[in-house]
Amino acid sequence: MDIIPIITEILGNADKAGITILIKALFEKEIIQIGNLTRKKAANLVETLKIILNKPNIKDINSEELIETIEDIEQETLQPILENILIGHKNEIIRQKWINLLESAILGYSIHPRYIETLRLLDGIDANILEFMFDFRKGGNRLKNSEIVIALEQRKIENPTEEMVKDSLSNLVERGLCDVNNLQGKPRYSDMDSENIYISRFGEKFLFMVGEKSPE
C-alpha cells in the first residue's frame, strides 16, 4: 500500500513537511509497518503527530532533532505506545493519555514498562476518578463516593453509579495507583470507600507521565 497519497489526503491543507518527515522516520525504524496501516490508523497517526508537533515543549524542536530523539527511544517503549495510539481509543481521556505518554518519551523521561501496562488496564472512568481524586486530595479534603458520582456526571460520564465508582477504585488500588488505609499491615477498609483511599506515590508519578506538560 502506498501510504503517501493517503497521508497527503488526510493532511489536506495542513503543514505537511514536519509530519511527513516524522512518519517516514517511523517507517524506516520499522516501528510502524506500512502493510498494517489502515486508512483509519493512518488518520489516527497523523492527528497524533499534529498534536505532538504543537506541544509547547516540542513545537520549537526542528524535524532532524526530533527524529534523532525518537530514534533514541527504546523500541520496546515506543512500539506499544504507538500501537495504542494507532488503535484510536474512543474514550478521549485515554487517547490523550497515550499521546501525553508519547510526549514524555520524546522529552526524555524514563518510561518504565509499568506505566504502559497500567494505562492499558484503565478505562475512561478509572482515569477520570484518578484525576479527580488527585485534584481533590491536594486540599487535604475527605472524599465520598457520592461526590465522585457527581464529579463524573460533570465530566459527561453517562449514568455513573456508586457501584461503578467502587469497581474503579478497586482497579486503581489493584494497579498500585491508589493506597488503602492499613491497620497492622492489613487492609483496614475493604468496601472501596473513597474516604479511605489515597493516591499512591506511583499514582502521582503515573499522572505526571500521562498528563499535560507545562512549558519547560
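Laid out as a table, the results:
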| read-out | value |
| --- | --- |
| The range 81-116, residues that are open to solvent by 40 Å² or more (accessible area, probe 1.4 Å) and either small (G, A, S) or closer than 24 Å to A42 by Cα (or both) | E83, I87, H89, K90, N91, E92, R95, Q96, L107, G108, S110 |
| Every pair of residues 6+ apart whose Cβ atoms lie under 9 Å, when the first sits in the range 75-91 and is without any contact (Cβ under 8 Å) to a residue 60 or more places away in the chain and closer than 12 Å to I116 by Cβ while the second is open to solvent by less than 60 Å² (accessible area, probe 1.4 Å) and small (G, A, S) | T77/A105; L78/A105; I81/A105 |
| Any hit, the range 140-147, residues being touching a residue at least 24 places away in the same chain (Cβ under 8 Å) and closer than 27 Å to D72 by Cα | no |
| Test: residue in the range 92-106 that is assigned to a loop (DSSP other than H, G, I, E, B) and touching a residue at least 24 places away in the same chain (Cβ under 8 Å) | no |
| Restricting the range 138-164 to residues that are at pLDDT below 90 and within 21 Å of the chain's Cα centre (by Cα), the residue that is most open to solvent (accessible area, probe 1.4 Å) | K156 |
| Residues located in the range 117-134, provided they are among the hydrophobic types (A, V, I, L, M, F, W, C) and open to solvent by 50 Å² or more (accessible area, probe 1.4 Å) | L121, F134 |
| Some residue of the range 51-61 being out of contact with any Gly (no Cβ under 9 Å at 6 or more places or on another chain), surrounded by 15 or more Cβ atoms within 10 Å (Cβ to Cβ) and at pLDDT below 85 | yes |
| Unique match (being at pLDDT 95 or above and open to solvent by less than 50 Å² (accessible area, probe 1.4 Å)) among F202, F208 | F202 |
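The values are calculated or read from the model by the stated rules, or taken from the named source; none is laboratory data. Remember, predicted model here, so these are calculated numbers, not experimental data. Quick reminder, even Gly has a Cβ in these numbers, built from the backbone with ideal geometry, and neighbours come from all protein chains shown. Accessible surface areas use protein heavy atoms only, side chains included; no ligands, DNA or RNA. Shrake-Rupley method; radii C 1.70, N 1.55, O 1.52, S 1.80 Å.
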